[in-house]
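Trainee: Okay, here's the structure, questions in a sec.
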Ligand SMILES: [Zn+2]
């Protein structure tokens with residue numbers, strides 16, 4: 001049987017990972033620490049096998065957010081990468097190259113959710129459907145969502 005390897009990394013590409021083995025729980029967490037880590041409404045994580053994470057190039061840097069929990073990020077570009085506790089590691093959903101099957105199936109710390117968070121998708125939709133077409137005409141310095149042999153391109157210094 002062929003091993004499935006999931007890949008991903010930070011925005012600049014300095015921190016990349018390969019996950020060997022099956023992924024675990026896919027969740028969002030409403031706690032204040034996850035809001036701060038992401039600079040957003042909630043955290044979004046996938047549990048990964050304890051011995052199945054291979055870091056490529058650099059490893060995340062860590063902020064110890066409480067006695068048992070540390071939160072990883074790329075020290076070069078700031079991308080939130082991990083949630084680490086003594087018995088396990090979770091990686092941010094948005095860091096995965098392919099996120100299409102990583103729909104959260106459980107909400108953590110639901111009582112701490114922002115009072116308006118369940119209404120955000122009722123907001124008016126701004127029509128910028130030509131956005132990606134316009135993106136093709138500019139030069140992006142973001143790492144592509146795939147493994148690359150010769151990153152960084154464009155002369156970025158890592
Ligand atoms: Zn980075």
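Computed from the coordinates by the stated procedures, all read-outs in this text should not be read as laboratory data. Treat the numbers as computed from the prediction; the structure is a model and nothing was measured. A quick note on method: Cβ atoms are made from the backbone with ideal geometry, for glycine too, and the neighbour counts reach across all protein chains shown.
Trainee: Looking only at the range 30-68, which residues are surrounded by fewer than 14 Cβ atoms within 10 Å (Cβ to Cβ), in a loop (DSSP other than H, G, I, E, B) and on the phi < 0 side of the Ramachandran plot?
Mentor: Correct list: 40, 50, 51, 66, 67, 68.
Trainee: If residue 26 satisfies all but one of (1) over 24 Å from residue 75 (Cα atoms); (2) surrounded by fewer than 17 Cβ atoms within 10 Å (Cβ to Cβ); (3) in contact with a helix residue (DSSP H, G or I) (Cβ under 8 Å, 6 or more places away or on another chain), what's the number of the condition it fails?
Mentor: (2)
Trainee: Being surrounded by 12 or more Cβ atoms within 10 Å (Cβ to Cβ), farther than 15 Å from residue 6 by Cα and either more than 20 Å from the chain's Cα centre (by Cα) or within 16 Å of the ligand (Cβ to nearest atom) (or both), is that true of even one residue in the range 88-103?
Mentor: No, every residue in the range 88-103 fails to be surrounded by 12 or more Cβ atoms within 10 Å (Cβ to Cβ), farther than 15 Å from residue 6 by Cα and either more than 20 Å from the chain's Cα centre (by Cα) or within 16 Å of the ligand (Cβ to nearest atom) (or both).
Trainee: Still on this structure, please answer the following. Residues in the range 32-56 that are within 30 Å of residue 116 (Cα to Cα) and either within 16 Å of the ligand (Cβ to nearest atom) or out of contact with any strand residue (DSSP E or B) (no Cβ under 7 Å at 6 or more places or on another chain) (or both): how many?
Mentor: Summing the residues that are within 30 Å of residue 116 (Cα to Cα) and either within 16 Å of the ligand (Cβ to nearest atom) or out of contact with any strand residue (DSSP E or B) (no Cβ under 7 Å at 6 or more places or on another chain) (or both) in the range 32-56 gives 9.
Trainee: So if I check each of 19, 5, which one is free of Cβ contacts under 8 Å to residues at least 40 places away in the same chain, more than 19 Å from residue 66 (Cβ to Cβ) and more than 16 Å from the ligand (Cβ to nearest atom)?
Mentor: Among 19, 5, only 5 is free of Cβ contacts under 8 Å to residues at least 40 places away in the same chain, more than 19 Å from residue 66 (Cβ to Cβ) and more than 16 Å from the ligand (Cβ to nearest atom).
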